[in-house]
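The values are calculated or read from the model by the stated rules, or taken from the named source; none is laboratory data. Since the structure is predicted, the reported quantities are computational estimates derived from the model, not experimental observations. All Cβ positions, even for glycine, are placed from backbone atoms using ideal geometry, and neighbour counts span all protein chains on display. Protein only, heavy atoms only, side chains kept; ligands, DNA and RNA dropped before computing areas. Shrake-Rupley method; radii C 1.70, N 1.55, O 1.52, S 1.80 Å.
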Amino acid sequence: MKRFVFVFACLIAVCLSVQGQEASKVLDKTAATLKAAGNTKIGFTYEASGASSTGYIKLQGQKFVVNMAGRITWFDGKTMWSYVKKNEEVNVTTPSAEEVAKMNPYAFLTFYKHGYAARMGNSSSKEYEVVLTGEESSAYKWVVIRINKSTHLPGSIQLTTPKGGTTVIRCNSFLKNQKYQASTFQFNKKNYPKADIVDLR
């Protein structure tokens, strides 16, 4: 009986390992597809706490700018500026990798390698479903990413916090090979003259 339990446990471990390898390959392929697309602009719908809004994210390597729900966040690879329109306030920080991932959901396509275990979920004929399970210290308990099998682009990302809060981001449009300047990913005081800048670095 003990030998049977041991063999069964080994089979489960092997299956999980194979699933993890397949999930990693899918995410790596998606990350490579996004990288090959060059500078991109992705339009999306953001759903959380029973409310929804639309927005966009512009990507250039590790740099990004996210505009949604009255909030704009710029990240130039080192410094992050978060502007909240209703408060006319900008917080300036030097974020950690996990903080960057909170603002840039597409960072999970590579961020999963640190702090998250990947496995395949309930994939369909048209989409892969990859489930990331966070470690105890991770910002999210689960991240579910659905990826189009034909384009290898993410269709939706569902983020669940340890307290059960859920956010769903659905991709509505995808533009590649966009032309951006360095200033695209930096806060410009001239454009927001009334904003109060709070430097938290």
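Structure values in brief
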item	result
Top-ranked residue in region 115-132 [being open to solvent by 50 Å² or more (accessible area, probe 1.4 Å), touching a strand residue (DSSP E or B) at 6+ places or on another chain (Cβ under 8 Å) and without any contact (Cβ under 8 Å) to a residue 60 or more places away in the chain; ranked as nearest to Leu153 (Cα to Cα)]	Glu127
For Arg201: the one exception among (1) closer than 21 Å to Gly50 by Cβ; (2) in contact with a Ser or Thr (Cβ under 6 Å, 6 or more places away or on another chain); (3) open to solvent by 90 Å² or more (accessible area, probe 1.4 Å)	(1)
Enumeration of residues in region 50-63 that are in contact (Cβ under 8 Å) with a residue 12 or more places away in the chain, surrounded by fewer than 18 Cβ atoms within 10 Å (Cβ to Cβ) and assigned to a strand (DSSP E or B)	Ser53, Thr54, Tyr56
Subset tally (residues that are open to solvent by less than 50 Å² (accessible area, probe 1.4 Å) and not in a strand (DSSP E or B)) for region 77-91	2
Region 136-163, residues that are out of contact with any strand residue (DSSP E or B) (no Cβ under 7 Å at 6 or more places or on another chain), farther than 19 Å from Ala31 by Cα and either open to solvent by 50 Å² or more (accessible area, probe 1.4 Å) or of a type in the set (A, V, I, L, M, F, W, C) (or both)	Glu136, Ser137, Ala139, Pro162, Lys163
Residues satisfying the stated conditions in region 22-49, i.e. open to solvent by 50 Å² or more (accessible area, probe 1.4 Å) and either at pLDDT below 85 or within 16 Å of the chain's Cα centre (by Cα) (or both)	Asp28, Lys29, Ala32, Lys35, Lys41, Tyr46, Glu47, Ser49
Top-ranked residue of region 169-198 - restricted to ones that are out of contact with any strand residue (DSSP E or B) (no Cβ under 7 Å at 6 or more places or on another chain) and not in a helix (DSSP H, G or I), ranked as most open to solvent (accessible area, probe 1.4 Å)	Lys179
